[in-house]
Amino acid sequence: MIKTGFIFDLDGVIVDTAKYHYLAWKKLANELGFEFTHEHNEQFKGVSRKRCLEILLDIGEVESSQEQFDKWMIEKNIDYLAYIEEMDSSEILPDVPKVLNFLKNRGVPIALGSASKNARPILEKVDLLHYFDVLVDGNNVTKAKPDPEVFLIGANKLGVQPIKCIVFEDAVAGIAAANNAKMTSIGIGDSQTLSEADYNFNDFTEIDLAFLEGLLT
Ligand code: B16
Ligand code: MG
């Protein structure tokens, strides 16, 4: 039987760190004299920190030097990390451990495929790091989702053919990246927003083990 691998996005799939990204970006926007809304924050999901700051400055119509840009990147991340410091396993999204346990017990290789450069400390804080055979995050990629790079590196490190990989994603760009990698994409969240996914669920409570079993055969 050809081996199947599973790749999980982090923010919006395993934990809801989007709310902390939002608070940190909002603080910066307010310091710069403009509002940052939840609608704005939607555009930031799955997007790299650098690209987020570019979008933020566009929203506020703020111009900056490279030096100032770099300082704001650091400032935002320091504020974000203060929230991460307080995280624990109570922040794991519902039924994520159910799925991870099932896959682990079946000996299925598991990777993380995230845009975040803070993925490892977050997984450590919520005590899920031990489930992952491979971590691919913002420190390992040169091309952002929807480019398939993050997932292709994950498949390669898992030793699994891309076509035999299953990706859980909450962002439109992430579903596109999985599809571009010729992987099976599972959208976690609003099915209309993630209509390009091969399968859709609102969250992991809707995924039963028989469904996962079916993906392994
Ligand atoms: P960091 P994901 C993404 O995580 C977030 O959705 C996105 O909002 C964030 O800008 C990006 O990580 C980078 O995060 O600032 O921690 O490097 O959904 O790809 O797991
Ligand atoms: Mg995400």
Going through the cross-link list LYS71/LYS182; LYS3/LYS145; LYS71/LYS117; LYS26/LYS157; LYS104/LYS143; LYS50/LYS125, which pairs have a Cα-Cα distance over 27 Å in this structure? LYS71/LYS182; LYS26/LYS157; LYS104/LYS143
Which value in deg cm²/dmol, rounded to the nearest 500, describes the helix-derived mean residue ellipticity at 222 nm for the chain, given -39,500 (n - 2.57) per DSSP H run of n ≥ 4 and division by the residue count? -13000 deg cm²/dmol
For the range 18-84, calculate the relative contact order in percent as a whole number, restricting contacts to Cα pairs under 8 Å that are 6 or more residues apart. 46 percent
Cβ-Cβ cut-off under 12 Å around ASP198, Lys and Arg +1, Asp and Glu -1: the net charge is -1
Tilt of helix 96-105 relative to the longest C-alpha principal axis of the chain, in degrees (0 to 90, nearest 10)? 40 degrees
Most to least packed among 78-87, 197-206 [average Cβ atoms within 10 Å]: 197-206, 78-87
Determine the shape class of the range 18-84: with a ≥ b ≥ c the square roots of the Cα gyration tensor eigenvalues, call it rounded for a/c under 1.5, and otherwise prolate if a/b is greater than b/c, oblate otherwise. rounded
Quick one: work out the % antiparallel among DSSP beta bridges in the chain, nearest 5. 5 percent
Taking every pair of Cα atoms in the chain, average 1/r, invert it to obtain the Kirkwood radius, and report Rg/Rh to two decimals. 0.98
Answer in debye to the nearest 20: the dipole magnitude of the chain about its Cα centre, from +1 Lys/Arg and -1 Asp/Glu charges placed on Cβ, is 920 debye
For the chain: relative contact order, % (alpha-carbon pairs under 8 angstrom, 6 or more apart): 25 percent
Under a Cβ-Cβ cut-off of 14 Å, what is the net charge of the residues other than ALA173 that fall near it, where Lys and Arg count +1 and Asp and Glu count -1? -4
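A short reminder: the numbers here are calculations on the coordinates, not readings from a lab. Everything numeric in this text was worked out from a predicted model, so none of it was measured. No Cβ is skipped: glycine too gets one built from the backbone with ideal geometry, and neighbour counts run over all protein chains shown.
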